[in-house]
Amino acid sequence: MILSSALKKITVEQKFMISCILVNGGNYIYNLALGRILGPEQFADAAILITFLLVVSFMAMTFQLTTAKFAVLFEHKTFKNFIGITYKWAIGFGIGIGVLIIFFAKELQHLFNTQNATMFTLFGIGVPVYFIMSVNRGVLQGTKKFSQLSITYQGEMLSRLLITLLLLYILQIPTAMIIAIGITLSFIFGLFPLGTKQGSLTQKHTLSPHHKKIVTKFLLLTAFYEGTQIIINNSDILMVKHYFDAYQAGLYASLALIGRVVYFVAWMFVMLLLPKVVQQHKDGENHTATLFKYVSYIGVLALVIVSVCYALPEVVIQLMFGSEYVSIAPLLWQYAVATSLFAISNIFAYYFLSLDQYIPVVLSGILGIAQVALIAFFHDSLAQVVVMQIIAMGTLLGVQLIFFFSTQSSNND
């Protein structure tokens, strides 16, 4: 009775947050298991595929966030036509990205010093499915069907974990190929449940010129911002894999996985923030309090994680990856600082994006390019790579805060 009563008091949003924590935990178990099973050198190849997955997820997030926003704003026939068009755009874009990855598989192998090219081919096959999945998630997010949205993330995570571990046990093929197969198959499980019944993709869907203009504008600007996310959040792993040997790259991948925990948890707040702010803005309500509520959550989480990484770095590394990775421990808290700065600035950026204010998007793009340039010029050691990221992300958060308070001041005037 007590448990039943407590469960009834939990809101749908809180249940979704709990689900996100479980999904992130499952993804961490997946990565930690690979790190322990494979060792630093083979894990470096696995980390490249996981990074490619994150890159594709950021691309597809463009469609998910666009769908989520206009699922709040559009109704009836307009909504149906919008969804039909968005599915067609997403499928076309997904096929294009998948074909490019398959076509340039050999070049990707040489660029990132991986053991084979087939891993990229297998990954490329699944890319279009991921884009379909993201539009479906956007429908669920925008219509606030958080229980169903939780199931799609859980299905993807659990299937990837179980399939990959099973195939590692029964197949005698390169481990990177097994990981690529597991990732691709997990996309299919992530498709369900469907957010809305769709008509035939061959059916013609149209939007009014006004609606098409605002959708296209938001889609393109969101795509630009997601591009900056790709640069900021993934360029370091890709560049380290290019500049350093496999052992060093594997150590850095373990560092990045642990240090980014605050960023991945921050995503569940972005999922809740965007539709809530859009709705409050639509209703003429004040939404600054909503922003600061989520910023405070991320701030407290970041402080705890950085403190633990500073006080017990070797314990954390050994507990998660084992003694083979312990030499990277001194850099753990510094990397956590860099990702914490990025996670907080990210909340501000998505807040402004939901309000159709795009200067922070441009600022993120500039700082993302700056981060790549800094690492390209200063990469004598892994420590130097981390410091460059702290400089770039600290600057990014600073300019986001300046923009926020300047807009608040002008609004008050």
* To do: Could you identify the single residue in Val304, Val295 that is over 18 Å from Thr51 (Cβ atoms), among the β-branched types (Val, Ile, Thr), surrounded by fewer than 23 Cβ atoms within 10 Å (Cβ to Cβ) and in contact (Cβ under 8 Å) with a residue 12 or more places away in the chain?
  => Val295
* To do: Among what's in region 72-111 and is over 23 Å from Asp45 (Cα atoms) and among the basic types (Lys, Arg), pick the residue that is farthest from the chain's Cα centre (by Cα).
  => Lys77
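Take the conditions at pLDDT below 95 and more than 26 Å from Glu13 (Cα to Cα) and apply them to Thr118. Does it pass? Working first, answer last.
Working: at pLDDT below 95: no; more than 26 Å from Glu13 (Cα to Cα): yes.
So Thr118 fails the test.
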* Asked: Does Lys241 satisfy the criteria of being closer than 30 Å to Ile97 by Cα, surrounded by fewer than 20 Cβ atoms within 10 Å (Cβ to Cβ) and at pLDDT 80 or above?
  -> no
* To do: Look through Ser19, Ser57 and report the one residue that is among the hydroxyl-bearing types (Ser, Thr, Tyr), more than 23 Å from Leu355 (Cα to Cα) and assigned to a helix (DSSP H, G or I).
  => Ser19
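Here's a check for you: in region 244-279, which residue that is over 27 Å from Leu149 (Cβ atoms) and of a type in the set (S, T, N, Q) is surrounded by the fewest Cβ atoms within 10 Å (Cβ to Cβ)? Explain how you work it out, then say what you get.
Our first condition is that a residue be over 27 Å from Leu149 (Cβ atoms); within region 244-279, this holds for 244-255.
Subset that is of a type in the set (S, T, N, Q): 248, 254.
Values: Gln248: 19, Ser254: 26.
Here the answer is Gln248.
Is there a residue being of a type in the set (Asp, Glu) and under 30 Å from Ala71 (Cα atoms) anywhere in region 307-314? Reasoning before the result, please.
Of region 307-314, the ones of a type in the set (Asp, Glu) are 314.
Of the ones still in play, those that are also under 30 Å from Ala71 (Cα atoms) are none.
Looking through region 307-314, none of the residues is of a type in the set (Asp, Glu) and under 30 Å from Ala71 (Cα atoms).
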* Qualifying position, being surrounded by fewer than 23 Cβ atoms within 10 Å (Cβ to Cβ) and in contact (Cβ under 8 Å) with a residue 12 or more places away in the chain, among Gln384, Gln408, Gln371 -> Gln408
* Index of the failed condition, Leu168 passing every other in (1) among the aliphatic types (A, V, I, L, M); (2) under 20 Å from Phe264 (Cβ atoms); (3) surrounded by fewer than 23 Cβ atoms within 10 Å (Cβ to Cβ) -> (2)
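Yes/no per residue for (1) under 21 Å from Leu191 (Cβ atoms); (2) touching a residue at least 60 places away in the same chain (Cβ under 8 Å):
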residue: Thr78; (1), (2): no, yes
residue: Gly84; (1), (2): yes, yes
residue: Lys88; (1), (2): yes, yes
residue: Val99; (1), (2): yes, no
residue: Phe104; (1), (2): no, no
residue: Leu108; (1), (2): no, no
residue: Asn116; (1), (2): no, yes
residue: Met119; (1), (2): no, yes
* Structure fact -> Residue set Gln141, Gln148; condition surrounded by fewer than 22 Cβ atoms within 10 Å (Cβ to Cβ), touching a Leu at 6+ places or on another chain (Cβ under 7 Å), modelled with pLDDT under 95 and of a type outside the set (Asp, Glu); output residue Gln148
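The values are calculated or read from the model by the stated rules, or taken from the named source; none is laboratory data. Keep in mind it's a predicted model, so treat the numbers as computed, not measured. Don't worry about glycine lacking a Cβ; one is built from the backbone with ideal geometry, like all the others, and counts go over all protein chains shown.
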